[in-house]
Each structure stands twice: as structure tokens, then as C-alpha cells.
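Quick one: this structure, given as C-alpha cells, is what I'll be asking you about.
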Amino acid sequence: MKAVVWAGRYSMVLGLLMGVAHAQETPQEVSTLSSIKVRAQNEKSEGTGSYQQQAVPQVLKLPMTLQELPQSATVITRQRIEDQGLDTLGQVMEQSPGVSRRQYGDDGAGYTSFQARGFNITNYVIDGVPTTAAALQGYGGVSVMDTAIYDNVAIVRGATGLLSGAGEPSASIMMQRKRPTAEFQGQVSAGVGSWDRYRGMADISGPLNDSGSVRGRLVAAYDQSRSWKDGYKGKRDVFYGVIEADLGARTVARLGLEHMDNRYDGSSMHAFSVSDTAGNLVEWDRSDSATAAWAYSKQRRTMAFAQLEHEFNDDWSIQMAMGRSWLNNEQLYGVAAPEPTPQGRGSMTAGFNEKTPTQDTADITIKGRFQAWGQGHDIMLGANYYELSRHDMAYARQRIPIAQIKDFDRNLPRPDLKITGPDNQRARQWGAYAATRLRLTDNLALIAGGRVTNWKDHSNTTLRKENGVFTPYAGLVYDWNEQWATYASYTQIFNPQSSQDRDGNYLDPEKGNNYELGVKYLFPGEAASASLAVFQTRKDNLAVVDGKELTPSGTQAYTAASNTRSEGIEFEINGELAPGWQMGAGYTHYRFRGADGEKIKTDIPADQVKLFTTYRLPGAWHKLTVGGSVQWQSKIFDNQLTGVARETNTQKAYAVVDLMARYAITPRADLTVNFNNIFDKTYRLAYSSHTYGAPRNVMASLRYQF
């Protein structure tokens, strides 16, 4: 019901856009739009029923498929999102081979980050336009962003600086929003699950005039639940409205608005630590909460965007996009922790954070094809820009003694926190980029390009900037035949960082090189694909923990390590392997070494296996689809802290097994049941924190399509 309320609340916005678009219709526009509609269909996974999607035009802004991309990539399609119940972006990312999750507190409030190839994932792209994580979600990270509005999510591993500019050589998360459809369609769904979880979703799309030259779409979803953790409850609202109009024979305009409203009560940015400050092991149940009852975290974000696509002719086109987002993010926290005393004392740290960033983005790309040396070649030129600014207040923290930490009942009085001064930031990045794909022979293609970036961050009294940073990109792809291809790629790394040394100085930007070799196989009929890649990343100025040293402000100090090396291997298979049998699976192994060969980044699993598969039964049982998943990772541990037993700061290797079943009640209605963590495995999401993955749970969802 709440989803319907959201849809009604914002329908007036879509209605206004509809009225504007109706005025654009002309008879000429009705009859000459097939090429643009076909192009848009190639980018979508909705309605295909497949775990396989080959088209990835936004990765390098060149028209290419996964088979032609000289990098390792995974596309999580709409069908897989629905089959596995991947209702948040965090759940989607966890399903990608090579991506790991680190979390120190509760969903929506804790410090949550994702890693690939040993580095944090910091680059996010929506509809081909780079954006910052700070503008998307703030506290709690991007992990709780709702996926109801997305057609697919692509995870492109390795460095992607050609389009994104500054960032880690980990992966880029590319989200493709749902778009209006030429034919009327809709669906509603309702779900119920463990811990009083309730979810509703409505999605309606189709033409808004008789000719179909104007199309619209509305998506709204509501999700609420309690938790296995004491006192925690949360809710998510999301609304998305978009209108698309054919402005001419070769021009499409798109206007849209998305709104998110999340709140998490009894939530914490941290859980109890595994050990006290003396290194002694402290036992806690996974239901125990280190959070005061009055603590909460909430995020409210609105994003408006406009896009224009125009084809000059059959070979040349231009794409323009611009957007603005407003985020209001606040968090009142009270986190308890044990102290190394024989009396079992502890303390609670209370504080308040507020971030209200506004971000503007713009992107323009010109694409074309040209003939030379008897071959057809592709080229693209573009530029993009973002500016993020916020003007907030900083608040003092308070420490409240706890006589006996094991008796912590979460009902300590709420403190009165004082303002200490302003907390301002203005960050800006501008870049121009270009790339071309030259077909040297019928089977060999060279992709070459580069980017020039200007970056600036002014936080309070600290100004950091980098100008004229050049990032090259090169790739070779050789097609042995229609099924087999091999590739090699190279790019450089540029990543300004906010880590400080023990004297309070910011570390120099990280720089380095990224190399990748791989082979790809496309199954006959293009229903499935497989890939194998080896990679190596060399980086200088890598921030590593400086033991127990602190900065002058009291935060963890870091030191810069040079000649570090991350290298590994990735294998993946996706799609329909036989009639009715679909699979998404992968294995990743990596290791991270310092200049002298010592292991670093041991808090990220060196090995991972991820598998999800479904099978639609034949014959009389054809209405039933069954499936399951296994996620296994090797142990993670801490090799940097001193005076602490290694077995204390270790999460041993573990596997989590899920099952699912979907039954087609009618051709338009189906029931899906997901059984998660069926063996009730207990595991921590970080080696040093009593933050646990979800215990055994179930979710049942009924969907009707019309």
C-alpha cells in the first residue's frame, strides 16, 4: 500500500511531463523511429528471461558487446535480480565474482564498503554518467539503494579511468535505469518474509499518446522489516518516474525523477569489536546490539535528470545528459565498546553527523564510424563534469561510562550534543576523453584512448587539487572465430586520497598501472558466455595502516607504500547452458603483496566461489523453476595490528547456501520463495567486528504482470 501512496504522490510530476511531451508529436515523428527504438532495446535485459546480456554500450562509450570488451565484466540482469530477490544494490554487488563486502555496523547506518581485486570500489555510473558515492547514499554506503528502478547492473572489473577519471582500479558499478516501453505493460508484487519483512512494488509503462511517440514509466516500491539484531528496524521508499519523447526522426529526449527515503532505527555505525583494546577476545551473540535505543540513521535523496540522443545519420550520433541530486543524510549514534579492565567496564561514544550534499553532473559524447584502409572503425569524443557541495555543521562527541559492558541495555540517556563549527566541502572534477576502435584486420581490433582530468577538493580549510592528469587506455581484441576471442588491455591509475599520516599530512595521490589478459567464449546461439582473465595492478602511494599511530585529530594514521602489487585470476560463466537451465557462476583468486613480498590487504578474501543456478522443469512440471546458490570465501585476518592474537582477528573460511523456487500460477502470475542461509551459518562481515551476516530466513513474493 505504501508503494501505491508514493506513486500517487508523484504522479502529478509525471503528468506535467506528459503534457509537455504530447505537444512534441508530429506525423513525421510517428513513422521514422525504428532505428532508435531498436538501439534502446539492445541495452535492456527486461523481458528476456535470461541471465545473459551481451550489449554494454556505456562501458567505453563505443558500440560493443561483452565479447568485444577487453576487460572482465559481469551483468546482473533483471531476471536474475527477481529470481534471487536482489532488492538492494549491495546484494547485487555481492553476487558478482570477485566482489567482497566489508561491514562494521548495521545495514543503512554502518561503515559498508565493497572491494574488488584488493581495492575499494569507488566508481559509480548511472545511465552512462559518472557520479560520486557521496551523492548517492552517504552513511550506510550504496549498499541499501533499492534495485526496483534498474533494468540491469554491470560490474566492470579493473581500472575504468577513461570515463570515470579519479578512482580505484577495482571495479565500476554501472546502473541502467528502466526506460519506457513502446507497448503497455505493468506489474505489481507483494512479499512477506522473516523478521516482519513486508515489501510492495508497482511498475507501469507504455505509450502516452495514440502514435506511441511519447512514452512514460512509473516505478514505486516500499520495503520494511525488523531484524535478528536487538531493537533494529528499517524501511525504504523509492519512486521513479520517466518520460521519453521522439522529437524528430532521429531524436529522443528523456526526463526523469527518482526519490529515495530510508530510515533505520536502533541502528549503529559500529558493532561490538571482537577484542578489547588490550587484544582480549570478547564474546557476543549475533543478536547483541552495541547501539543505544535512540540511535537512528536516515537518508533522503532526490535526483532529476535530462537526456538527449540524436542521430545525425546512420554513422554519427550525439548523447547529452545532465542531472542534479539532493541528499539529506543524518545519523545520531551511540556505540558501546568494552575496555580492558578486570571489572568488565565499557563506554559509549555518542555523536551526530549530518551531510547535505548537492551534486550537479553533465556528460556529452559524440560517436561515429568511418571507413579507412578497407575497414570500418569507431570513434568517440566526450567530456563530463561533476560538482558536489555541502554546507553542514560539525558536532562534538560525548563519552558515557558503562559500569558493566555485559549489562549494557541500550537505554542510556540521550546526550545533548553541541555544535563545534561548520563542516563544508566543495569537490569538482572535469575531464575530456576520446577513444577509437580500429579494426586492423577482419579479426583484430585495437582500442586506444585517453582522458585528461582536473580534480579539486576543498574541505573546510584544506584545499587539494590535481590538474592536467592524463590517463591512457589501450586494448587489443582478437576474434579467432564467432565463439572465441582473446584480449589484452592496459590503463593507468590516478586516485587522490583522504588518508593522513601521523603528522596530519594527506598522502600523495595513488598512481600505478593496470594490466589484463583474457579469453572469452560465446556459446552458439549467444545464450551464454564464459570468460577467463588474469590481471595485475601495480600501485605507488598505497595507504596502509601505520600500526597504532594516530593523526593529530585522533583518527587512524596511514603510511604510503610503494611498489605494491595485486594480481590474480578470474573465471566466469553466465547464461542459459541448456534449455531451461541458467547459471551465473565465477571463481576469483588474488593476492596482494608489498615491496618486500609481504602479504597486505589480508582483510579481503583471497579466494571466492559464487554460483547461482535455476532449472525450469520439463513436461507436466514446466510451471516450476527451482534453483540455489553457494557463496564461499577464504578466511580473512589482520596482519597489521600488534599485540593481538591472529586467531582473535580472523574470520575463517565459510560458505552460505540459498535455495529458491518459482511457480507460474498463471501465465501472468507467479510465486517465488527464497530460502536464504539454509544451514544457518554464523559468519562475520569483518574480521574485527561482531557484525554478522543474516541467519536463516525466508522471503515469499507474489507477482502479477499485465
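Tell me which residues, restricted to the stretch 554-583, are touching a residue at least 60 places away in the same chain (Cβ under 8 Å) and closer than 21 Å to residue 595 by Cα.
Listed by number, the residues that qualify are 566, 568.
Something else: Among the residues of the stretch 291-340, write down those that are among the polar types (S, T, N, Q) and buried (at least 17 other Cβ atoms within 10 Å of the Cβ). Even if it seems obvious, please write down each step before you answer.
Of the stretch 291-340, the ones among the polar types (S, T, N, Q) are 291, 297, 299, 302, 307, 313, 317, 319, 325, 328-329, 331.
Answer for the stretch 291-340, where residues must be among the polar types (S, T, N, Q) and buried (at least 17 other Cβ atoms within 10 Å of the Cβ): 291, 297, 299, 307, 317, 319, 325, 329, 331.
What is the number of the single condition among (1) of a type outside the set (Val, Ile, Thr); (2) surrounded by fewer than 21 Cβ atoms within 10 Å (Cβ to Cβ); (3) touching a helix residue (DSSP H, G or I) at 6+ places or on another chain (Cβ under 9 Å) that residue 511 does not meet?
Exception for residue 511: condition (3).
While we're here: For residue 411, state whether it is of a type in the set (S, T, N, Q), within 22 Å of residue 269 (Cα to Cα) and touching a Lys or Arg at 6+ places or on another chain (Cβ under 8 Å).
No, not satisfied.
May I pose another question? Can you tell which of 202, 253, 245 is more than 20 Å from residue 302 (Cβ to Cβ), surrounded by fewer than 21 Cβ atoms within 10 Å (Cβ to Cβ) and out of contact with any Cys (no Cβ under 8 Å at 6 or more places or on another chain)? Talk me through it step by step, then tell me what you get.
Working: 202 fails: more than 20 Å from residue 302 (Cβ to Cβ); 245 fails: surrounded by fewer than 21 Cβ atoms within 10 Å (Cβ to Cβ).
Residue meeting the stated conditions: 253.
From 215, 199, grab the single residue that is part of a strand (DSSP E or B) and touching a Leu at 6+ places or on another chain (Cβ under 8 Å).
215
Hey, can you tell me all the residues within the stretch 50-76 that are out of contact with any helix residue (DSSP H, G or I) (no Cβ under 9 Å at 6 or more places or on another chain), in a loop (DSSP other than H, G, I, E, B) and under 18 Å from residue 525 (Cα atoms)?
64
Could you give every pair whose Cβ atoms fall below 7 Å, whose first residue belongs to the stretch 275-286 and is basic (Lys, Arg), and whose second residue is in a strand (DSSP E or B), counting only separations of at least 6 or pairs across chains?
286/692
Just to verify a result, which residue in the stretch 454-468, among those that are open to solvent by less than 50 Å² (accessible area, probe 1.4 Å) and within 26 Å of the chain's Cα centre (by Cα), is farthest from residue 422 (Cα to Cα)?
Result: 455.
Report whether or not residue 359 is within 23 Å of the chain's Cα centre (by Cα) and in contact (Cβ under 8 Å) with a residue 40 or more places away in the chain.
Working: within 23 Å of the chain's Cα centre (by Cα): yes; in contact (Cβ under 8 Å) with a residue 40 or more places away in the chain: yes.
Spelling it out, residue 359 is indeed within 23 Å of the chain's Cα centre (by Cα) and in contact (Cβ under 8 Å) with a residue 40 or more places away in the chain.
Hey, among the residues in the stretch 514-563 that are among the acidic types (Asp, Glu) and open to solvent by 60 Å² or more (accessible area, probe 1.4 Å), which one's nearest to residue 65 (Cα to Cα)?
For the stretch 514-563, the residue satisfying everything is 526.
Given the conditions (1) in contact with a Lys or Arg (Cβ under 9 Å, 6 or more places away or on another chain); (2) at negative phi; (3) not hydroxyl-bearing (Ser, Thr, Tyr), report the number of the one that residue 280 does not fulfil.
(1)
Could you list, in sequence order, the residues of the stretch 345-369 that are touching a helix residue (DSSP H, G or I) at 6+ places or on another chain (Cβ under 8 Å) and buried (at least 17 other Cβ atoms within 10 Å of the Cβ)?
Scanning the stretch 345-369 gives 346, 355, 357, 359.
Hey, can you tell me all the residues within the stretch 53-83 that are in contact (Cβ under 8 Å) with a residue 12 or more places away in the chain and among the hydroxyl-bearing types (Ser, Thr, Tyr)?
72, 74, 77
Within the stretch 73-93, is even one residue open to solvent by 10 Å² or more (accessible area, probe 1.4 Å), among the acidic types (Asp, Glu) and modelled with pLDDT under 95?
No, the conditions are met nowhere in the stretch 73-93.
Right, something else. Looking at 110, 161, which is the one that is more than 26 Å from residue 200 (Cα to Cα) and either within 14 Å of the chain's Cα centre (by Cα) or buried (at least 22 other Cβ atoms within 10 Å of the Cβ) (or both)?
161
Among (1) touching a Leu at 6+ places or on another chain (Cβ under 7 Å); (2) more than 30 Å from residue 692 (Cα to Cα); (3) open to solvent by less than 30 Å² (accessible area, probe 1.4 Å); (4) of a type outside the set (Phe, Trp, Tyr), there is one condition residue 392 misses while meeting the rest; what is its number?
(1)
Which of the residues spanning the stretch 133-151 are open to solvent by 10 Å² or more (accessible area, probe 1.4 Å) and not in a loop (DSSP other than H, G, I, E, B)?
Answer for the stretch 133-151, where residues must be open to solvent by 10 Å² or more (accessible area, probe 1.4 Å) and not in a loop (DSSP other than H, G, I, E, B): 133, 134, 146.
If we keep just the residues of the stretch 478-497 that are loosely packed, with under 15 Cβ neighbours inside 10 Å and part of a strand (DSSP E or B), which is nearest to the chain's Cα centre (by Cα)?
488
Restricting attention to the stretch 229-270, report how many residues are part of a loop (DSSP other than H, G, I, E, B) and among the aliphatic types (A, V, I, L, M). Please lay out each step first, then the result.
Start the filter on the stretch 229-270 by keeping residues that are part of a loop (DSSP other than H, G, I, E, B), which leaves 229-232, 249-250, 266-270.
Cutting the leftovers down to among the aliphatic types (A, V, I, L, M) gives us 249, 269.
Count: 2.
Under 7 Å by Cβ, and 6 or more places apart or on different chains, what pairs join a residue from the stretch 434-445 that is more than 18 Å from residue 58 (Cα to Cα) with one that is open to solvent by 40 Å² or more (accessible area, probe 1.4 Å) and hydroxyl-bearing (Ser, Thr, Tyr)?
443/478; 444/478
Under the condition of being out of contact with any Lys or Arg (no Cβ under 8 Å at 6 or more places or on another chain) and of a type in the set (D, E, K, R), which residue from the stretch 566-600 is most open to solvent (accessible area, probe 1.4 Å)?
Taking the candidates together, the pick is 596.
Sticking with this one: Name every residue in the stretch 423-444 that is in contact with a Phe, Trp or Tyr (Cβ under 7 Å, 6 or more places away or on another chain) and aliphatic (A, V, I, L, M), in order of residue number.
435, 444
Only one residue in 172, 189, 205 is in a strand (DSSP E or B), of a type in the set (S, T, N, Q) and within 30 Å of residue 450 (Cα to Cα), so which one is that?
Of the residues listed, the single one that is in a strand (DSSP E or B), of a type in the set (S, T, N, Q) and within 30 Å of residue 450 (Cα to Cα) is 172.
Restricting attention to the stretch 370-389, report how many residues are open to solvent by 30 Å² or more (accessible area, probe 1.4 Å) and more than 14 Å from residue 425 (Cα to Cα).
Number satisfying all stated conditions: 8.
Please determine, by comparing only the residues of the stretch 621-656 that are at pLDDT 95 or above, surrounded by fewer than 16 Cβ atoms within 10 Å (Cβ to Cβ) and of a type in the set (A, V, I, L, M), which one is nearest to the chain's Cα centre (by Cα).
My answer is 630.
Before we move on, is residue 102 more than 12 Å from the chain's Cα centre (by Cα) and either outside any helix (DSSP H, G or I) or within 30 Å of residue 490 (Cβ to Cβ) (or both)?
Yes: the conditions hold for residue 102.
The values are calculated or read from the model by the stated rules, or taken from the named source; none is laboratory data. Note that this is a predicted model, so its numbers are computed, not measured. In this analysis, Cβ positions are derived from the backbone assuming ideal geometry, glycine residues included, and neighbour counts consider all displayed protein chains. Please note that ligands, DNA and RNA were not included when accessible areas were found on the heavy atoms of the full protein model with its side chains. Shrake-Rupley method; radii C 1.70, N 1.55, O 1.52, S 1.80 Å.
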